[in-house]
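The values are calculated or read from the model by the stated rules, or taken from the named source; none is laboratory data. Just so you know, these numbers come straight off a predicted model, no measurement behind them. Quick reminder, even Gly has a Cβ in these numbers, built from the backbone with ideal geometry, and neighbours come from all protein chains shown. Ligands, DNA and RNA are excluded from the accessible area calculation, which covers all protein heavy atoms including side chains. Shrake-Rupley method; radii C 1.70, N 1.55, O 1.52, S 1.80 Å.
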Amino acid sequence: MSLSRREIAAEATGPTIVAGEILVEIMATDRGMGFLEPLTLVGPYPSGAPAIFIDQVARLGGGAGLIGCVGRDDFGTINLERLKRDGVDVSAVDVSDRYPTGSAFVRYRRDGIRDFVYNIAESAAGQIHLTTAARLLADRAGHLHVMGSTLSVAGLKEIVAYALKAVRARGGSTSFDPNMRKELIDGADGEQFAALVDDADLLLPSGDELLAAAGVDDQHQAVTALFARGVGEIVLKRGADGSSWFGADGTRIDCAGFHVEEVDPTGAGDCFGATYLTCRRQGMEPGKALFYANAAGARNVTRRGPMEGTAGFDVLDDFIAGTARAT
C-alpha cells in the first residue's frame, strides 16, 4: 500500500516542541571502569537530551518549547535559566516541590564507551504529565520532536499522543530520534517505538539504530523498509564520519564530517538533529542542512558539558571557516 508523505512543516506553522527529561550532568574527569572507586567529578551541567535539542533549536532562531519537570532546587534553576536565556519557551516546564531535579553521572571507560548512572524515574524528570500548560504549548506547535531516551518516562505516552494530534491538526510535522541508552531500554514501550518510527516525517537514527528501527540487518533494506512504512526522510548520523540523507525517491546525499579533538561527545547527536531540523524548517535543502548539522555536532564535542556547545549560525559559520573537513 502506498502511504501519503508529508514534508517537514515550515517555521511559520508554529514552534518546534519536545517533551522529556531535564537533568543535570556530573562527569568524571578521568577514564576508568565505572563508579566503583572515589573519583573527581565536574558539574553540574544543564542536560537531558530533549533540553539540549530544544536549546539548539532556539540558538538557531527557531521557535522552541519544552514540556518537562524540574525540582525546586539549584539544579532546576540552572536548567531553567539556561533555557530561558537561549530563547526556549519553558511555560510548560513544571517545578516540583517534592522531587529533586533529575541527574546523570557519567564516566568514560578507557576505550571511550560511556557509563551512566541516572536518577530519572524517582526525580522530577520522571513526573512529567499532560498539564494545561503542556496542552496550550502543543496547541500552537508546528513540529513535534520525540526522543527515544524519553520513552521510559511514564507520562510521555499521553503527552505525545495529545501533541501529535494537535500538531497534525495545524498541518505540522514530526521527527523521531531513536536515541536509546542501554541503561534506559528496559522501560521503553516497543509498540510506541514502532508507531513513532512509522509516523515520522523525519527519522534521525545513529549507526545501528537505523537497522533496529527497521528490524533488518542491511542498510539498504532498512531504508527501503522504512520508506515503505511511511517515513518521510531519513538522516543517518555517523559521528566523526559525517552523515547521510535518504529520500523516498532513492536519492542519497553524503556529507563529510569535521576534524576536531573530542572533549565530550554527550549532546552531539542532539545538536546535530536540532540543527538539521531547524535548517529544514527554515527552508534549506537537505545537503546544506546536513552541512550545518555536521558542524553543530562537531563543535559540540569540543566543549565539556552537553549543552555548552550549542550555537547559532554566526558561531557555526566561524567554526566551519576555521575547521578542516574529512575527505
Strands (runs of 3 or more DSSP E) lying entirely in the range 1-68 (those with 3 or more residues that are hydrophobic (A, V, I, L, M, F, W, C)): 16-19, 23-28
For the range 91-143, which positions are of a type in the set (Asp, Glu) and over 15 Å from residue 156 (Cβ atoms)? 97, 111, 115, 122, 139
Quick check, is residue 272 under 18 Å from the mean Cα position of the chain (by Cα) and open to solvent by 30 Å² or more (accessible area, probe 1.4 Å)? no
List the number of the failed condition for residue 242; all other conditions in (1) modelled with pLDDT of 95 or more; (2) farther than 29 Å from residue 19 by Cβ; (3) within 18 Å of the chain's Cα centre (by Cα) hold. (1)
Using the structure shown, decide if residue 277 is among the aliphatic types (A, V, I, L, M) and within 22 Å of residue 46 (Cβ to Cβ). yes
Of the residues in the range 94-129, those that are open to solvent by less than 50 Å² (accessible area, probe 1.4 Å), under 25 Å from residue 192 (Cβ atoms), of a type in the set (A, V, I, L, M) and out of contact with any Gly (no Cβ under 7 Å at 6 or more places or on another chain) number 1
Search the range 236-254 for residues being out of contact with any helix residue (DSSP H, G or I) (no Cβ under 6 Å at 6 or more places or on another chain) and small (Gly, Ala, Ser), and hand back the single one that is nearest to residue 325 (Cα to Cα). 240
Say whether the condition of being over 16 Å from the mean Cα position of the chain (by Cα) and either surrounded by fewer than 23 Cβ atoms within 10 Å (Cβ to Cβ) or under 13 Å from residue 270 (Cβ atoms) (or both) is met by at least one residue in the range 48-57. no
Might you check whether a residue that is in a loop (DSSP other than H, G, I, E, B), out of contact with any Pro (no Cβ under 9 Å at 6 or more places or on another chain) and open to solvent by less than 10 Å² (accessible area, probe 1.4 Å) occurs anywhere in the range 240-249? yes
